[in-house]
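A.B. asks: Structure provided below as structure tokens; questions to follow.
The values are calculated or read from the model by the stated rules, or taken from the named source; none is laboratory data. None of the values given here were measured: they were computed from a predicted structure. Quick reminder, even Gly has a Cβ in these numbers, built from the backbone with ideal geometry, and neighbours come from all protein chains shown.
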């Protein structure tokens, strides 16, 4: 079953179908419960357990944590619950799929049917990392004592030759920082090659544009200019080859009637396609005249070349 579906139930934002199933079980037997209403510090870290149960005087009596069937997550949760049980003198318990199946033996509905109902509900969706008040750590802050312990632990890591230190150094290197607050590589001001806006970049960078938009526009312009230049060169070469071919086949050109153009110029167009990759007569005509004037005008041009003894 997919336990990653989250949604609201009785005003609480539940992050899994297992949490929903446990809440339904509690309601079936009229057991008062609260969800993520208290935080604890466990080994210097903030911990917010799932279900909390209070007596009539508001004193915390029991904590229940709901976990998936992931063995590693279960072991970590047990360690935290054991710590809380000793430090805060509170009863703790952990529920996963196996434990939920056990308590649902006394329920009028099956565990799987309750989970299916939660998954198929219009009020739930696949749970992803959420921000704001729906995040379990929203508004939480470390105590001064915890901050001090974190600082001391970090100093120990920096003073030793540990894998953790290597990871921290690598992270700082990738972020461009040699250490907190200091810039590793010198920066400089540059002006965008397209819009001339000012931007700051590392001196070792080859960046010439202030943003992706300018870079893209410049690339389009360069590509267009290259295409136009290439097309102009091809057109010029096609025209020169037509003049050359006409010179070599002047008798055929002069004797060709205007109603039998295709058979005459087919060897020419085939050769143009072989040499320049162009077989569209409109493009060939444009290469000669600058615009498409058709086959007859092309033949007339070729006859004129021969008549003027150009060929």
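A.B. asks: Inside region 3-17, can you point out the residues that are touching a strand residue (DSSP E or B) at 6+ places or on another chain (Cβ under 8 Å) and in contact (Cβ under 8 Å) with a residue 40 or more places away in the chain?
C.D. replies: Listed by number, the residues that qualify are 4, 5, 6, 7, 8, 13, 15, 16, 17.
A.B. asks: Still on this model: Can you tell me which residue within region 153-165, out of those that are surrounded by 11 or more Cβ atoms within 10 Å (Cβ to Cβ) and assigned to a helix (DSSP H, G or I), is farthest from the chain's Cα centre (by Cα)?
C.D. replies: My answer is 156.
A.B. asks: Would you pick out the residues in region 18-49 that are without any contact (Cβ under 8 Å) to a residue 60 or more places away in the chain, out of contact with any helix residue (DSSP H, G or I) (no Cβ under 6 Å at 6 or more places or on another chain), surrounded by 15 or more Cβ atoms within 10 Å (Cβ to Cβ) and not in a strand (DSSP E or B)?
C.D. replies: 19, 23, 26, 49
A.B. asks: Among the residues of region 143-152, write down those that are part of a helix (DSSP H, G or I) and exposed (fewer than 12 other Cβ atoms within 10 Å of the Cβ).
C.D. replies: 144, 145, 151, 152, listed by residue number.
A.B. asks: Is it true that some residue in region 197-204 is surrounded by 13 or more Cβ atoms within 10 Å (Cβ to Cβ), modelled with pLDDT of 90 or more and part of a helix (DSSP H, G or I)?
C.D. replies: No, region 197-204 contains no residue that is surrounded by 13 or more Cβ atoms within 10 Å (Cβ to Cβ), modelled with pLDDT of 90 or more and part of a helix (DSSP H, G or I).
A.B. asks: What do you reckon, is residue 279 in contact (Cβ under 8 Å) with a residue 24 or more places away in the chain and in the same structural domain as residue 242 (by TED's automatic domain parsing)?
C.D. replies: Judged against the criteria, residue 279 is not a match.
A.B. asks: Take region 84-100 and flag every residue that is surrounded by 12 or more Cβ atoms within 10 Å (Cβ to Cβ) and either within 39 Å of the chain's Cα centre (by Cα) or under 14 Å from residue 23 (Cα atoms) (or both).
C.D. replies: Of everything in region 84-100, those that are surrounded by 12 or more Cβ atoms within 10 Å (Cβ to Cβ) and either within 39 Å of the chain's Cα centre (by Cα) or under 14 Å from residue 23 (Cα atoms) (or both) turn out to be 94, 95, 96, 97, 99, 100.
A.B. asks: Another question, then. Of the residues 253, 234, which single one is over 14 Å from residue 301 (Cβ atoms) and touching a helix residue (DSSP H, G or I) at 6+ places or on another chain (Cβ under 6 Å)?
C.D. replies: Unique residue meeting the criteria: 234.
A.B. asks: Touching a strand residue (DSSP E or B) at 6+ places or on another chain (Cβ under 6 Å), surrounded by fewer than 19 Cβ atoms within 10 Å (Cβ to Cβ) and within 22 Å of residue 115 (Cβ to Cβ): is that true of residue 73 in this structure?
C.D. replies: So residue 73 does not fit the description; no.
A.B. asks: Of all the residues that make up region 50-60, how many are within 19 Å of residue 19 (Cβ to Cβ) and part of a loop (DSSP other than H, G, I, E, B)?
C.D. replies: Result for region 50-60: 1.
A.B. asks: Would it be correct to say that residue 227 is out of contact with any helix residue (DSSP H, G or I) (no Cβ under 6 Å at 6 or more places or on another chain), surrounded by 14 or more Cβ atoms within 10 Å (Cβ to Cβ) and assigned to a helix (DSSP H, G or I)?
C.D. replies: Taking the combined requirement at face value, the residue does not satisfy it.
A.B. asks: Count, please, the residues in region 19-74 that happen to be on the phi > 0 side of the Ramachandran plot and under 36 Å from the mean Cα position of the chain (by Cα).
C.D. replies: First, pick out the residues of region 19-74 that are on the phi > 0 side of the Ramachandran plot: 30, 36, 43-44, 58.
Those left that are additionally under 36 Å from the mean Cα position of the chain (by Cα): 36, 43-44.
Result for region 19-74: 3.
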